[in-house]
Structure formats: structure tokens, C-alpha cells
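Here's the structure we're looking at; comments come further down.
The values are calculated or read from the model by the stated rules, or taken from the named source; none is laboratory data. All figures in this text were calculated on a predicted structure; none of them were measured in a lab. Methodologically, a virtual Cβ is constructed for each residue, glycine included, from the backbone with ideal geometry; neighbour enumeration extends over all protein chains shown. Surface accessibility is based on the protein's heavy atoms, side chains included, excluding ligands, DNA and RNA. Shrake-Rupley method; radii C 1.70, N 1.55, O 1.52, S 1.80 Å.
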Amino acid sequence: MAGCACGFVRAVLAFLLAPALVTLLVAPARGRGGRGHGDWDAAELLLPPLPPRENAALVARFVTNVCDWGALATISTQEGVRGRPFADVLSLSDGPPGKGSGVPYFYLSPLQQSVGNLQENPYATLTMSLAETNFCRKYGFDPQSPLCAHIILSGTVIKVSETEMDVAKNSLFIRHPEMKTWPSSHNWFFAKLNITNIWVLDYFGGPKIVTPAEYYNATSQRFCCPPGHIAGSWPGSNSSVI
């Protein structure tokens with residue numbers, strides 16, 4: 001009799017708790033990677049509409065700002081694949097949502113394979129896509145479709161200078177607060193992509209070419225430069241290689 005009673009209680013509890021358990025399992029965490037991220041996906045900060053597609057430079061700035069990670073391709077120094085393309089996913093940020101500088105900043109460690117590659121050859125190419133956001137899902141665009149806008153930025157990855165350190169730190173930590181707790185024994189440092197070439201794929205007909213000057217000048221109320229950054233310029237001449 002007691003066994004039947006216990007079984008009945010367990011069945012009732014399971015019935016009552018099932019909806020809450022399902023909610024926990026299927027509901028996405030607030031912000032990519034956890035709670036408290038400075039993300040466009042947060043309920044109180046909805047993703048703004050895509051800029052006019054005829055303004056490729058502004059579309060590029062938009063994609064850079066709304067994305068907080070990308071695939072960075074370097075030239076491998078690893079045995080067995082030396083000299084071949086090597087891509088890795090890296091967290092990045094160009095600043096707070098809606099207030100990006102356009103400069104992709106990274107928080108890197110010498111222990112990362114990509115950093116080993118960059119120490120030998122600093123040239124790299126970065127790809128970011130609106131497939132990272134809810135934009136393409138909302139409109140039913142496949143990630144490979146040009147309508148699911150993505151950009152390709154090429155240049156060199158360099159350490160930021162002392163004068164740019166605070167900007168890089170604030171840009172990254174507001175979007176990736178977990179970085180603050182990463183072990184110091186990994187010798188993390190701030191770096192950025194010094195952009196030399198830009199391609200924008202946001203519609204049919206092939207990529208649109210955007211110059212760095214056009215890219216950094218494509219500012220609006222949503223995309224403004226941080227203190228000390230001059231529109232149309234891109235710091236890097238006084239920064240050091242990885």
C-alpha cells in the first residue's frame with residue numbers, strides 16, 4: 001500500500017514539474033553563451049533593421065557590431081598542414097551594441113593555435129554573418145544565402161597599443177564578461193584586425209568591395225566611434241605584431 005502511495009506521489013510530482021523542466025531545457029540562455037552579455041538578443045535591446053543594402057559600408061559596420069564572434073582564417077604552422085588555410089572560431093567585439101568602432105578586437109593567448117600561426121604570419125581573414133543573430137532565422141534565409149548578409153575582412157592581426165588598451169578591454173568585456181575570469185596563467189592579451197580589404201555579401205550578384213576609409217566613415221547614430229578614434233582612420237601604425 002505504501003509503495004502504491006509513493007508511486008502516486010512521484011507521478012503527481014513528475015506531472016507538475018514536467019512543464020518547468022521542458023522550459024529550462026528548450027529556452028535559450030539570455031545572451032549568447034550565458035546571462036548578462038551585452039547582446040542585441042537581450043529582450044530589452046532588439047536587433048535593429050538591416051541598413052539599406054545599397055550602402056555596403058554601413059551594412060559591413062552593422063554586421064561587425066551585431067556579431068560577437070567570427071571565423072578567423074590564418075596560415076597554419078602546424079605539422080602536417082603547414083602552409084594550408086586554418087580557420088578557428090574566436091570571440092570578438094567592436095564595442096557595445098549600437099556603439100561600435102568598426103575595429104574587431106580579440107582577447108588572445110599564446111596557447112591558441114591561431115596565435116601560433118599569427119606569430120609567424122600575421123595575415124588573416126575574418127568572416128562574420130548575420131546567421132549568428134535571429135535575423136536570418138526570422139526571414140527564413142539559409143546561412144549560405146547572400147540575403148543572410150555576411151562580410152569578409154582581411155588584414156593583419158596585431159597587438160593593440162597602450163593607448164588603445166582600454167578601448168579594446170571595454171569593447172570585449174562588455175560583450176564577453178566571462179573573459180574577466182579566464183586564467184591569467186594563459187597570458188591573455190588584446191589584439192585587433194588591422195583591416196586592409198573588405199567584401200560584403202548581402203544580395204545576389206557577387207560581393208561588394210568596400211575600402212577601409214569607406215568602412216570607418218560609415219557612421220550613424222547607431223555606429224559611432226569611441227573616444228580618441230577619428231572617423232576615417234584606423235589605428236595600427238604604432239601597434240606591434242603578435
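Details
- Count - residues of the range 201-242 that are modelled with pLDDT of 70 or more, of a type in the set (S, T, N, Q) and open to solvent by less than 70 Å² (accessible area, probe 1.4 Å): 3
- Taking the listed residues Ile198, Ile151, the one that is farther than 14 Å from Gly100 by Cβ and either at pLDDT below 95 or surrounded by 16 or more Cβ atoms within 10 Å (Cβ to Cβ) (or both) is Ile198, with no other qualifying.
- Residue within the range 42-57 that is at pLDDT 95 or above and assigned to a helix (DSSP H, G or I) present: yes
Yes/no matrix, rows are residues, columns are (1) in a strand (DSSP E or B); (2) open to solvent by 10 Å² or more (accessible area, probe 1.4 Å):
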position	(1), (2)
Val63	no, no
Glu79	no, yes
Pro97	no, yes
Val103	no, no
Pro110	no, yes
Gln119	no, yes
Gln144	no, yes
Val157	yes, no
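- When the range 85-95 is filtered for residues that are assigned to a strand (DSSP E or B) and under 13 Å from the mean Cα position of the chain (by Cα), the ones remaining, listed by number, are Asp88, Val89, Leu90, Ser91, Ser93.
- Qualifying residue in the range 159-172 (condition: of a type in the set (Ser, Thr, Tyr) and either touching a helix residue (DSSP H, G or I) at 6+ places or on another chain (Cβ under 9 Å) or open to solvent by 60 Å² or more (accessible area, probe 1.4 Å) (or both)): yes
- Failed item, numbered, when Ser91 is tested on (1) within 21 Å of Leu153 (Cα to Cα); (2) modelled with pLDDT under 95; (3) not aromatic (Phe, Trp, Tyr): (2)
- Of all residues in the range 121-134, exactly one satisfies the criterion of being more than 24 Å from Met165 (Cα to Cα), hydrophobic (A, V, I, L, M, F, W, C) and open to solvent by less than 20 Å² (accessible area, probe 1.4 Å), namely Leu130.
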